[in-house]
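Novice: Below is one structure. I have some questions about it.
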Amino acid sequence: MGSDPQDRPGVRHELGVSVSGPEHSLSIQSLHVRYGRGEPVLSGASIALAPKEIVGLIGASGAGKSTLLRAVQRLVEPESGEILLDGVDLTKLARTELRDARRRLGMIFQEHALIERLSVMENVLTGTLGRTGFWQSARRRFAPEDVTEAFGLLDRVGLTGLEDSRCDELSGGQKQRVGIARALIQHPDVLLVDEPTASLDPATSVRIMTLITEICLERGLAALINLHDVPLARRFCPRIVGLKEGEVVFDGPASALDDEILRRVYGDDAVGAPAGHQGSPAGTEGSGGTDGENILGR
Ligand SMILES: Nc1ncnc2c1ncn2[C@@H]1O[C@H](COP(=O)(O)OP(=O)(O)OP(=O)(O)O)[C@@H](O)[C@H]1O
Ligand SMILES: [Mg+2]
């Protein structure tokens with residue numbers, strides 16, 4: 001493998017680092033989703049996350065990755081299928097029960113979805129909205145224990161000293177850290193992460209993925225992480241699911257991702273010069289042995 005194990009939380013995950021605490025699982029079964037009367041966007045997608053499992057969801061633009069995360073939260077209503085959080089089907093929940101279930105699904109977004117004119121601290125505390133109620137949060141009357149917890153979370157994500165900064169003064173990586181702290185203050189049982197590194201440079205992307213996966217390990221959280229960047233998915237997610245046109249076309253260990261699977265997920269253009277290609281040994285990263293550059297960056 002060659003790289004520092006500290007940089008490979010996925011590997012530590014694969015090696016079975018155990019985390020104490022309650023175990024929570026998410027099982028998406030035969031999910032069908034369409035927007036209005038449009039074409040189906042998800043056509044029977046199924047993904048089951050075991051407790052503490054970190055799964056990377058890859059697929060071409062438009063494959064339905066974000067839609068799948070939105071459907072799990074029922075921000076878009078599935079036509080059919082089941083979404084089982086610890087065995088409870090979220091598709092059957094009434095509005096009040098759904099609010100509590102959404103709190104248990106911590107969401108981290110590509111564009112951070114922060115309130116830019118508010119401070120870092122205020123943005124983190126909006127994550128308590130699910131349990132304190134809208135008007136209390138809207139008046140920004142935050143409980144002292146929530147403020148204390150927010151200080152601790154901001155320290156954990158590396159933002160100590162920036163509590164009072166306005167979010168529109170932050171870099172992309174710092175905003176993403178605020179988004180992570182905001183998701184954690186909800187006390188989620190599972191993390192849903194949509195393109196957390198899409199607007200970040202490569203080094204910052206690695207730092208953010210390291211932070212997210214380390215926090216999952218520390219807290220025993222399962223996570224479903226949409227990623228455009230295949231090398232990053234492969235590095236940080238022990239298991240990868242490939243979505244193509246709303247269907248799961250690959251589900252297996254990251255080490256099994258090879259050119260044939262990349263073609264299946266992304267189409268032929270994803271892989272260059274297949275003739276004579278030997279593939280790289282399972283579990284290696286950035287090693288040679290390919291004839292042309294592919295989406296793995298090899
Ligand atoms: N609100 C919406 N209304 C109608 N169609 C939508 C809506 N959101 C997404 N779609 C369509 O659903 C399909 C899947 O979109 P989705 O955003 O889930 O893809 P994605 O895999 O997340 O893509 P990307 O990698 O570009 O983020 C696309 O064809 C898109 O145009
Ligand atoms: Mg998307």
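Novice: Mind checking which residues of the range 170-194 are in contact (Cβ under 8 Å) with a residue 40 or more places away in the chain, touching a Lys or Arg at 6+ places or on another chain (Cβ under 8 Å) and under 19 Å from Asn123 (Cβ atoms)?
Specialist: Those that are in contact (Cβ under 8 Å) with a residue 40 or more places away in the chain, touching a Lys or Arg at 6+ places or on another chain (Cβ under 8 Å) and under 19 Å from Asn123 (Cβ atoms): Ala181, Leu184, Gln186, His187, Pro188, Asp194.
Novice: Hey, another quick one. Scanning the range 17-62 for residues that are small (Gly, Ala, Ser) and within 10 Å of ligand 1 (Cβ to nearest atom), which turns out surrounded by the fewest Cβ atoms within 10 Å (Cβ to Cβ)?
Specialist: Gly36
Novice: For residues in the range 63-102 being among the hydrophobic types (A, V, I, L, M, F, W, C) and within 16 Å of ligand 2 (Cβ to nearest atom), which is surrounded by the fewest Cβ atoms within 10 Å (Cβ to Cβ)?
Specialist: Step one: filter the range 63-102 for residues among the hydrophobic types (A, V, I, L, M, F, W, C), giving 63, 68-69, 71-72, 75-76, 83-85, 88, 90, 93-94, 98, 101.
Narrowing further to those that are within 16 Å of ligand 2 (Cβ to nearest atom): 63, 68-69, 71-72, 75-76.
On the way: Ala63: 24, Leu68: 29, Leu69: 24, Ala71: 25, Val72: 25, Leu75: 11, Val76: 17.
The selected residue is Leu75.
Novice: Let me confirm something: among Leu192, Leu200, Leu224, which residue is crowded, with 18+ Cβ neighbours inside 10 Å, of a type in the set (A, V, I, L, M, F, W, C) and at pLDDT below 95?
Specialist: Going through Leu192, Leu200, Leu224 in turn, just one is crowded, with 18+ Cβ neighbours inside 10 Å, of a type in the set (A, V, I, L, M, F, W, C) and at pLDDT below 95: Leu200.
The values are calculated or read from the model by the stated rules, or taken from the named source; none is laboratory data. Quick caveat: nothing in here was measured; it's all calculated off a predicted structure. We place every Cβ from the backbone using ideal geometry, glycine too, and count neighbours over all the protein chains shown.
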